Structures are given as C-alpha cells and as structure tokens.
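Report on the structure given below.
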Amino acid sequence: MNRIITIEEEVPNVHKMVIDAPDVAKKCKPGHFAIVIPDEQSERIPLSIADWDEDAGTVTIYFLEVGVSTMKLARKVAGDEIDMMAPLGRESEIDNYGTVVVCGGCYGVGAIYPIVKALKEAGNTVVTIIEARAKYLLYNEEVLARDSDEIYTATSDGSHGTKGKAQTVMKDLVDGGRHFDRAYIMGCTFMMMRNARMAKELGIPSKVYLNPLMVDATGMCGVCRCDVGGETKFACVDGPEFDGADVDWEQLFKRSAQYVPHQTLAYQHKKCDIDHCGGV
Amino acid sequence: MEDIYKYAGKRLTPDEMKAAIASSRHAMTEQDAIVRSRNFEEVNLGYSIETAQEEAKRCLLCPVPGCVQGCPVRIKIPEFLSAIVEGDFLEALRIVKEDNALPAVTGRVCPQEIQCEGKCTHVKAKRESVGIGHLERFVADLERYSSEKLPVETAEPTGRKVAIVGAGPSGLTVAADLARSGHEVHVYEALQKPGGVLIYGIPEFRLPKELVFYEVDNLKQMGVQFHYNHVIGRIFTVDEMLDERGFDAVYLGVGAGLPRFMNIEGESLNGIFSANEYLTRNNLMKGYEFPTYDTPIYRGRNVAVIGGGNVAMDSVRTAKRLGAENAYLVYRRSRVEMPARDEEIHHAEEEGVEFHNLTNPIRYLGDENGWVRAMECIQMELGEPDDSGRRRPVPIEGSEFTLDVDAVVVSVGTSANPLLTKSTPGLELNRWNNIIVDDKGRTSKKGVFSGGDIVRGAATVILAMGDGRVAAAGIEEYLETGEWPDKVE
C-alpha cells in the first residue's frame, strides 16, 4: 500500500495527487504510467506518471473523475493508503531533434511535464501548447513555462490565449514560418486524435500516449489492443507511446466505448452512497 | 515427540481387504446443475466426516503405492488415508502438508484421474479409484472450519534471504518449503492480491478464493512476507535483488501471461475477449458482483468460447453463470482430444453448454458500432497426427456456417510474458521465450531458479507446485554449497 501525501483539485474535476512510493520514484522515466486502486471494490485505473522526486520518494499523478473508481480516488484525503503498481509501459523516445512542439490537454496538461523536461534536457528547443475549454480550466502553465522555450495557450471560448485548440496554435506557428521536427501529444483520446491529424497534415512526425481500457496492464489480458500501423499492439507493454500518424483512432474510440453503459449505471448506483447525499 | 511414522507401513486385515475390494467410490455431493449454472458458489460440496472415513477405508494400503508415484509432489497418500480412517484428521493434514503447501487447492483442481487416482490399484482391477483428491480436500477444509488448527512449525532463522517472484502456485510452494527451513522469504506479486492463476484464472465455483487467502495467511504466520503491486523487472530488477537488496537466491514463478489470439478478421471487435481478460474481470476484479464491485464484465446473450482446455471450460461455465442463454464451446478437434479435465467437460455439459466440436472460427462479423454480431465457422475433420501426437484438424471445404454471437472468449492458449525475462540479462530462454532450467530448477544465471508455466508453457497448478518443490530443494542445496553448473540444459 502507498500513502497519499497530498491531494488537491487543481481546476474543476482535475485532481493532483502526490503519493509516497520511494522504490517507484527511483525508476520512473518519461512515458511511464501507473495502475492505481483506491479500494477493494475498485477498478485498476491506469494513470500517466506526471512527476517524481527521487529524494522525497514521491510520485505525482493527475486524474479526472469520470467513473466510480476515480470518484473514490478523488474523495481520498492525505494520509489515506491506496494500491499502486508502477512504473509501467515503455519509456518515451527522447532525443535531440531540434525544435519540438508539445501539446497537452485535459489530464495531459499535467502529465506531459516529464516529456517537456526530458526534451529540454536533451537539448531541444521546446515549444509547449496547452489547451482547455476556458481559462478557468487551464493549469500548470507556470510549471511548464519553466522548462519550455515558448509556451502558448488555447481555449475554446477564447478566454485565454488563442481561441481554438492546440492544433490551431500549431498550425498558426507553422503558417508563420516555424518548423517543428517532432510533436508530442498527450490528453484525452479525442484531443490526441485532433492534434495528431493536424501534425500529420503539417508534415510533423508525432508521438501520442494511448489510453485504452486496461485491466492488469502487464500484457496479460489484451483488452488494450490497438491497431497501430496495421499491427495489433498492446498499449500497456508495447506503448503507451506510439506514432500518432499510425494509430487507428476509429477503432480506439469504439473499443474504449465498450463499457460506457456499465460505467453510467455504476456511477448512478454509487454516487449518492459515496457523497453521503442522503439517498431517497 | 509424536511418532511421525505412526501411519507408515500399515496393512489391511483380510476382512478389511475384502470390504475394500467390494466397496464402491463415494460420490461428492454437488449443487444441482440447473441451480449452479446461475450462481458462482462452489459446485462440489465436500464429504461428511463419515463419508470421508468410509472412502479412506477403501484404500488397499499397497506396499508399493502407485498413487504416490503418480503424484507430482509425492504426497504420502496411504499414510494420510490411514490417519483419516483413525479419525486423526489433523495428523492427516500434517502428512499432506509435508509435501504439499496447498491441499485445499490441489484437492479441487488437480487432474487426479491422470495422476494419483489414475495409478490406484483399484483402477488396475477395473474398479473405481479411491477418492484421493476429495479426501485431500476434506482434511484441508475440516481444519479450516475447525477451531483446532495445525500448529505452525518453522526451523530456527538461518539468516539467509530468498526472493520469490510471483505469488502463484509454484511461488507459494517454494515459499512454504523455504520458510519451514527458517529462511527469510519475500514474495513479490504484480497484482494486488496473492494466488496468481488461483485468483485471476480459476473461478470461484471451482476454487473459492477465501481458501487461497487462508493458505496465504498460513504462510504469513510462518513468516513469509508478501509484497503486492510489485512488477519485478520494472520496480526493481532481478540483478538488483541479488546485488543490492541482499537476496541470496531468487525464484522466478511468473507464469505464462501473454494471451494468444488467432489473428483472424474482426478479432478486435468489441465483445471479443481473451480468456485472461474475461476471467480476470470476473475472478480477480469480481465483475460478477458489478456494480457492487466497480469493474464491469460484459454479459453476453450468445457467448462462444474458442478452445478445449480447462480455461475454456472455466470461461464457458462463467458465461452461463453470467446469464448467457446460449453458451457455446467451439473446439477444432473432437471431444476425446480435449485437454480439459473430464470432470470439467462433464460439468459443463450438465450445465447446458452447447458443444461445437470439430469447428473453427474463420472470421468475425460486426455491426456499425464495432460490436461482434456473428462468427463464421468452418467444420473440421481429423487428419494425420501432428507434433502433439493428436490428429491434426483439417478444414472441410464448403462447410462454412454462421453462428450468431454477441460475445466471444478466445481461449487458445498463452505464451511467455517477456516483461521479466527481458529485464534479466544472462537468463537463457528457449525459442518460445520460456526460461531454461535444469533438474534442480537452476537457470543459466547464478542464484536464479525458476519453475511453473514460465518454464513449461501453460500447464497445471500441480505441475507448477512440483517444480516449486524441486526448486526449493535446489535452493537449499545452493544456499549450503554455493555451487552452480557452468551450463544448464
């Protein structure tokens, strides 16, 4: 069991959790993820590792409350213990490519940080773009700015930065004469698909971090199988990092939707219980 | 001190022998097939004390017992049966536990008909064997439900430290043997609960999970320390265990964890699961109790399970219990070639599973949302024997037909998971990525032992436990002598 050191809601529905895990902190690399299990009844939740501190022996994750298990995780307080299995997945491919563009959305705004940092350390010029629906949903801008050469923001309603999405900024920059050697994109599946398609259109090779359904996350169950470049890959052990241009996004969406009716049912079933709202 | 050979070398009187020969095997009470095909409670209900003693009396106490030879861990079967006859049940359990750390488990899941019971003298005389498996289960269950417990016995601490990777049947066996000898034993398990395949693979109706936890608690009382959520190779490597973490030896019992698919059209459609996924959702994550438990499992109406092994039987019987109106077992050979235990096939038939033998899927058809709706199959006939000695199934041209399904479980075997072996330099593997060991469980890497499915490919619980016993003895010897062979074959 691992103890929760801090938990806070960064912006509405995006939670940041720092967990005591000294052995894990020693082994984390950009691109790794963790399985987190809030309690006996919970699902095994795969979450990107967003930061780690070897000296303090801690690991940081960001997550959204989207189902019963993440709801329970969000209700935890500092000092509570949870099960965590990490680090998992293949390490991100990082090298000095020249100028790279990094896009983050949703939980990815928080979780893309190790990639930004590693790209910078490898000697790249790092241009970071983060997106959200509105200004009040953007976070981590200062943290990412520290390790980026330039940082841009995009909001759907135009309340902060460019009106639009990360790919709007990416396109504007390229149209303005900028050249990018690589793109790194992390966020919800839809966000990654949009940005990867734009990168492809602009001729930029991209890396994405797939987030399909998982159970064991060690290659044992195969629920995370994705079609990448015409081959079946297991995101948990062959990924989660893949070339964005090769991913069969349609299939990923369909496979990810397998248990949506179950999730909705469970959420309704448990919500009142967990939040003590009295019931009927 | 108690005479540990109290029940050794006993013989039957002529009258007892006559009665034993004339007796017939006592069946174990079972849940009714219709009732049990809709619940997850255990199918077999166990022997009463009286039935157990009557059954034990059937043992002929052969001077050269074939049953012991047939047992991969060499349980002293006539001795423990004699103890049951005398009503000395704890002693019976003690005798079993000398050779087998998990009697409640093996009593339920061992293929006794081809092991101990297959070698029973009764069988040679065309009579029914003694219910050895049932009696093994009986002594373990009786202690579990009783307030009188078998005392925990361990030797003085030796100061030696051994790490075991994987809390499955082989790892738990090694842990028991080494803890008994006084070594400090640490078990590292990737999942959040102990048991390996006993927890994620074998369903509750065949092996109640509480008894796996009971056996693990026994090991804890013997001083074994369990570390869950530890994926060795990721959180730390085997080399780090040997060099930095102070372990004198490491045992790798990580199982065969990569599901095989058939690579046919449509296999990534929704509703098509590997048996590993289907069973893990159901057993480890308790999907059958969704939404009390959070992990859902898809409850198909027409479910086809592809394969003919025990895992396929577990999957198809699970599908039935999850409410399937039609649960099909689709197997490319005929019933006699099925690798599953007879008892499992028989139970599946009783529960209303529909068998499509000599049938193979060739592609899956989906709807616009990506869900499987039907599978196209082809009929097979048996040709010449193949490498496995079984007759090779050959498709019959023009025999294609379509089966309507909304869920499919692919249970055509597993291969070795490279997660650990890739991170362990110096470990020799064969061409299937299984670890190569010698007759003492030693790998090509000094101080590293292995056994179970990662060595054998997918096999049985008891063979994995047998490997565990061998490796435990090998580890004892290595801790004593420090010797390691130059080459392992």
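For B:Phe226, the residues whose modelled amide H falls within less than 5 Å of its own, excluding neighbours fewer than 5 places apart on the same chain, are B:Val187.
Counting only residues at least eight positions apart within a chain, or on another chain, the lysines with an alpha carbon under 28 Å from that of A:Lys163 are A:Lys16, A:Lys117, A:Lys120, A:Lys135, A:Lys171, A:Lys200, A:Lys207.
Counting only Cβ charges, +1 for Lys and Arg and -1 for Asp and Glu, the dipole size of region B:261-412 around its Cα centre is about 280 debye. Comparing A:Ile61, A:Tyr209, B:Tyr7 along the charge dipole axis of the protein assembly as shown, the residue lying farthest to the positive side is A:Tyr209, per the Cβ-charge model. Which whole-angstrom value gives the distance between the alpha carbon centres of region B:289-328 and region A:151-209? Centre-to-centre (Cα) distance: 43 Å.
Heavy-atom accessible surface of A:Met1, to the nearest 10 Å², is about 140 Å², with a 1.4 Å probe and all protein chains retained. Is the C-alpha gyration tensor of chain B telling us rounded, prolate or oblate? Criteria: a/c under 1.5 is rounded; beyond that, a/b larger than b/c is prolate, otherwise oblate. Oblate, since a/c reaches 1.5 and b/c is not below a/b. Quick check on region A:1-136: take the gyration tensor over C-alpha atoms, sort the square-rooted eigenvalues as a ≥ b ≥ c, and tell me if it's rounded (a/c under 1.5), prolate or oblate. Here region A:1-136 falls in the oblate category.
DSSP beta bridges confined to chain B are antiparallel in about 40 percent of cases. Region A:99-257 gives an Rg/Rh value of 0.97, both radii derived from C-alpha positions and Rh following Kirkwood.
Of the listed residues B:Arg160, A:Arg197, B:Arg341, the order by accessible area with a 1.4 Å probe, largest first, is A:Arg197, B:Arg160, B:Arg341. Legend: distances between Cα atoms for A:Lys29/A:Lys270; A:Lys26/A:Lys254; A:Lys72/B:Lys149; B:Lys10/B:Lys97; A:Lys254/B:Lys286; pairs beyond 27 Å are A:Lys29/A:Lys270; A:Lys26/A:Lys254; A:Lys72/B:Lys149. Counting only heavy atoms of the protein chains and using a 1.4 Å probe, B:Thr421 has close to 10 Å² of accessible surface.
Net charge near B:Glu349: determine it from the other residues with C-beta under 12 Å of the C-beta of B:Glu349, scoring Lys and Arg +1 and Asp and Glu -1.
Charge balance in the 12 Å sphere: -3.
Heavy-atom accessible area for A:Trp249, with the other protein chains in place and a 1.4 Å probe, reaches approximately 10 Å².
Ranked from largest to smallest solvent-accessible area, with a 1.4 Å probe on the protein heavy atoms, B:Glu98, A:Glu54, A:Glu241 come out as A:Glu54, B:Glu98, A:Glu241. Would you tally the net charge around B:Ala20, using a Cβ to Cβ cut-off of less than 9 Å, leaving B:Ala20 out, and scoring K and R as +1, D and E as -1? Net charge in that neighbourhood comes out at +2.
How much mean residue ellipticity at 222 nm does chain B get from its helices, if each DSSP H run of length 4 or more adds -39500 (n - 2.57) and you divide by all residues, to the nearest 500 deg cm²/dmol?
Details: 19 runs with 164 residues, N = 489.
Only helices count here, giving -9500 deg cm²/dmol.
Using every pair of separate Cα atoms, the Kirkwood estimate puts the hydrodynamic radius of region B:14-144 at 14.9 angstrom. Of the residues making up region B:287-323, those losing 20 Å² or more of accessible area when the isolated chain is joined by the remaining protein chains, with a 1.4 Å probe, are B:Phe290, B:Pro291, B:Thr292, B:Tyr293, B:Asp294, B:Thr295, B:Pro296, B:Tyr298.
The percentage of C-alpha pairs in region A:41-98 whose separation is greater than 15 Å is 62%.
Of A:Asn124, A:Cys236, A:Gln167, which is farthest along the charge dipole of region A:117-258 in the positive direction, counting Lys and Arg as +1 and Asp and Glu as -1 at C-beta? Towards the positive end, the residue furthest out is A:Gln167.
With charges only on Cβ, +1 for K and R and -1 for D and E, what is the dipole size of the protein assembly as shown about its Cα centre, in debye, rounded to 20?
Values: 86 positive and 117 negative charges, 162 e Å.
Value, rounded to 20: 780 debye.
Selection among B:Leu269, B:Gln379, B:Gly46 by position relative to the dipole of chain B gives B:Gln379 as farthest towards the positive end (Cβ unit charges, Cα centre).
How big is the antiparallel share of DSSP beta bridges in the protein assembly as shown, given as a percent to the nearest 5?
Numbers: 56 of 111 bridges.
Around 50 percent of the beta bridges assigned by DSSP in the protein assembly as shown are antiparallel ones.
Once a ≥ b ≥ c are taken as the square roots of the eigenvalues of the Cα gyration tensor of region B:449-489, is the result rounded (a/c under 1.5), prolate (a/b larger than b/c) or oblate (a/b not larger than b/c)? Oblate, because a/c is 1.5 or more while a/b does not exceed b/c. Using Cβ point charges alone (K and R +1, D and E -1), the dipole size of chain B about the Cα centre works out to roughly 360 debye.
Region B:392-446 and region B:187-205 have Cα centres separated by 19 Å. Here the scattering of region B:261-412 is modelled by Debye summation over its C-alpha atoms, one equal scatterer each and no solvent; at q = 0.17 Å⁻¹ the log10 of I(q)/I(0) is -0.96.
Under the rule of -39500 (n - 2.57) per DSSP H run of 4 or more residues, summed and divided by the residues of chain A, what mean residue ellipticity at 222 nm is obtained, to the nearest 500 deg cm²/dmol?
On the way: 10 runs with 83 residues, N = 280.
Value at 222 nm, helices only: -8000 deg cm²/dmol.
Could you order B:His122, B:His356 by accessible surface area, starting with the largest, using a probe radius of 1.4 Å? Write down the numbers at each step before the final one.
Details: B:His122 0, B:His356 35 Å².
Ranked from most to least accessible, the order is B:His356, B:His122.
Please give me the summed charge of the neighbours of B:Arg373: other residues whose Cβ is under 15 Å from its Cβ, Lys and Arg +1, Asp and Glu -1. Mind dumping the intermediate values first?
Numbers: positive: A:Lys254, B:Arg301, B:Arg363; negative: B:Glu265, B:Glu267, B:Asp367, B:Glu368, B:Glu376, B:Asp404, B:Asp406.
Neighbourhood net charge equals -4.
For the residues of B:230-238, the average number of beta carbons from a partner chain within 10 Å of their own beta carbon is 4. Per residue of B:269-277, other chain Cβ atoms within 10 Å of the residue Cβ number 5 on average.
Hey, what's the per residue convex hull volume over the C-alpha atoms of the protein assembly as shown, in cubic angstrom? Show your work: numbers first, answer last.
Numbers: hull volume 145.4 nm³, N = 769.
In the protein assembly as shown, the Cα hull volume divided by residue count equals 189 Å³.
The values are calculated or read from the model by the stated rules, or taken from the named source; none is laboratory data. Not measured: the values here are computed from a predicted model. Virtual Cβ from ideal backbone geometry, glycine too; neighbours counted across all protein chains shown. We work out accessible area using only protein heavy atoms, side chains counted, and drop any ligands, DNA or RNA first. Shrake-Rupley method; radii C 1.70, N 1.55, O 1.52, S 1.80 Å.
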